[in-house]
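Here's the structure we're looking at; comments come further down.
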Amino acid sequence: MVFQNPNNQFVSSVIKEDIAFGLENFGTPAEDIPGKIAGALKIVGMQGYDEKSPHMLSGGQKQRIAIAGVLAVEPDIIIFDEATSMLDPEGRREVLETMKRIHDEKNRTIIMISHYVEEAMFADKVCLMSNGKIIAEGTPREILTDPALMMQAGLLPPTAVRAYIDLKNAGVLLQDCPLTNEELVEEICRLK
C-alpha cells in the first residue's frame, strides 16, 4: 500500500536500504535484493537515486520512492490511498504516470483511493463512495458524467462535464457529454 504521506513509509535515510527493508522482511535472498532495487527504481523513473536520502527529494520523488519500495516485493495488487493528495501538480502528474506504467508494463492491478475526480477519468472502473458505502460503480464515463450521482457523493463532476451543463443551460446543445477537456473542445468544434 502507498499512503498519502510518503515520509511515513520511510524506515531508512538511504533509499536502497529503505527499499531493501521490505525485501528482507519477505525473505528475499540477499543476492537478489540489489537487482530488485534497481528494477523497482527503474520502473518509477528514479534510477541513480539508490544512495541518496529520501528526505532530500521533492514530494513527487518521495512518493515514487515509496512506490518503488512496494513494487520491489512484486505484489499483484497495489493500493494507492490518497497518494497524490499532498503533491503539487507536477508531483501528481509524476505519480499518476508511474501508476500507469506499473499497470501497463508490470500488469499490476492498481486500486486508487482519491478525492480528485480528474484522476478517476483514466481508470478502468470507478467505485463512487459516500459515508463509507459504495453508491455506484461503473466506467468513468458512466459515473463521472452523472452530476446528481456526483453531488450525492459530495463531489463536483469533472470540469468538462460542468461546462457541458453550463452550455446546455445556456441553450448550446452538444452532441455528447464530454468527460475530458479534450473531448469538450472536440464537441464545441463540431458545433455549426
Worksheet item: Among the residues of region 8-30, how many are under 20 Å from the mean Cα position of the chain (by Cα), surrounded by 14 or more Cβ atoms within 10 Å (Cβ to Cβ) and in a helix (DSSP H, G or I)?
Response: 1
Discussion item. Based on this model, can you work out whether PHE21 counts as in contact with a helix residue (DSSP H, G or I) (Cβ under 9 Å, 6 or more places away or on another chain), among the aromatic types (Phe, Trp, Tyr) and over 21 Å from ILE113 (Cβ atoms)?
Written reply: yes
Worksheet item: Do we have ILE143 as at pLDDT 95 or above, buried (at least 18 other Cβ atoms within 10 Å of the Cβ) and under 21 Å from SER85 (Cβ atoms) here?
Response: yes
Worksheet entry | Where ASP104 falls short, out of the listed (1) without any contact (Cβ under 8 Å) to a residue 12 or more places away in the chain; (2) part of a strand (DSSP E or B) | (2)
Worksheet, complete the sentence: Filtering strands (runs of 3 or more DSSP E) wholly in region 107-171 for at least 2 residues that are of a type in the set (Phe, Trp, Tyr) gives none
Worksheet, complete the sentence: Those residues of region 31-83 which are surrounded by fewer than 19 Cβ atoms within 10 Å (Cβ to Cβ), modelled with pLDDT of 95 or more and of a type in the set (Ser, Thr, Tyr) amount to SER53
Response to the item:
All-but-one check, GLY132 against (1) surrounded by fewer than 13 Cβ atoms within 10 Å (Cβ to Cβ); (2) at pLDDT 95 or above, failing number (2)
Worksheet item: Conditions: (1) under 20 Å from the mean Cα position of the chain (by Cα); (2) of a type in the set (D, E, K, R); (3) at pLDDT below 95. ARG190 meets all but one. Number of the miss?
Response: (1)
Worksheet, complete the sentence: Checked pairs for region 112-138, first more than 24 Å from ARG93 (Cβ to Cβ), second of a type in the set (Lys, Arg), C-beta under 8 Å and 6 or more apart or across chains, list as GLU137/LYS125; GLY138/LYS125
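The values are calculated or read from the model by the stated rules, or taken from the named source; none is laboratory data. A quick note: this is a predicted structure, and the numbers were derived from the prediction, not measured. All Cβ positions, glycine included, derive from the backbone under ideal geometry; neighbour counts span all protein chains shown.
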